[in-house]
Each structure stands twice: as C-alpha cells, then as structure tokens.
Amino acid sequence: MPDERPQGDLQACRVLVIEDEYFIARELQGVLADHGAMVVGPVAELSEAMTRVSRGGFDVVMLDINLAGSASIFYCRRTPAPAHTLWFCHRL
C-alpha cells in the first residue's frame, strides 16, 4: 500500500518547537514530521528554549506566544539567534 502522507514540503527543514501544552506539542511534531521536517524539541520551558535558540541548529522556531502564562513573543526580540532563523509564533 503506498504511503499517502504529504512528502517533502519541509524536507530537511529543522524546526525548534517551543510549546508547553503536551498534546499541542505532540500534534505539531506529528504534522511537521509528516511534511518532512526534522523536529527539535519540543521545549516547554522558556529558559531552556532561549538557551537552545542561542545555540542554533535549526531553521525555524515555532513559539507558543503564551508559554506557561508568559508573553513569550517578546523574548524572540531579545534572544540572539542565527541570522537565517525564521520565527513563527502561534496561539492555538
């Protein structure tokens, strides 16, 4: 039986998922992986997330804008990240 999953949309794209809600994080991981992305994380705590951001090793950051009750979107402006990093902030 052929694989009916989408193929290659995000092939070789490394995505750091920063999300504190377990089920949302798992769903994001699954969808991203189904589209060919390599998922880093998920990371649930802001301090660990910002440490990982400063280290690099990914192409895109998916950031929950309300991480554990904090307005985490403001941290993306203050945290050094590789120049090519794309921030994608979500509120699910």
Worksheet item: What list of ³J(HN,Hα) couplings, whole Hz, do you get for the range 13-18 from phi and the Karplus terms 6.51, -1.76, 1.60, once you set θ to phi - 60° and write x for glycine and proline?
Response: 7, 9, 10, 8, 9, 10
Worksheet item: Can you list the residues, at least 5 places off or on another chain, whose amide H is less than 5 Å from the amide H of Val39, using H built in the peptide plane?
Response: Val15
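We did not get these values from a lab; they are worked out from the coordinates using the rules stated. All values derive from a computational prediction rather than experimental measurement.
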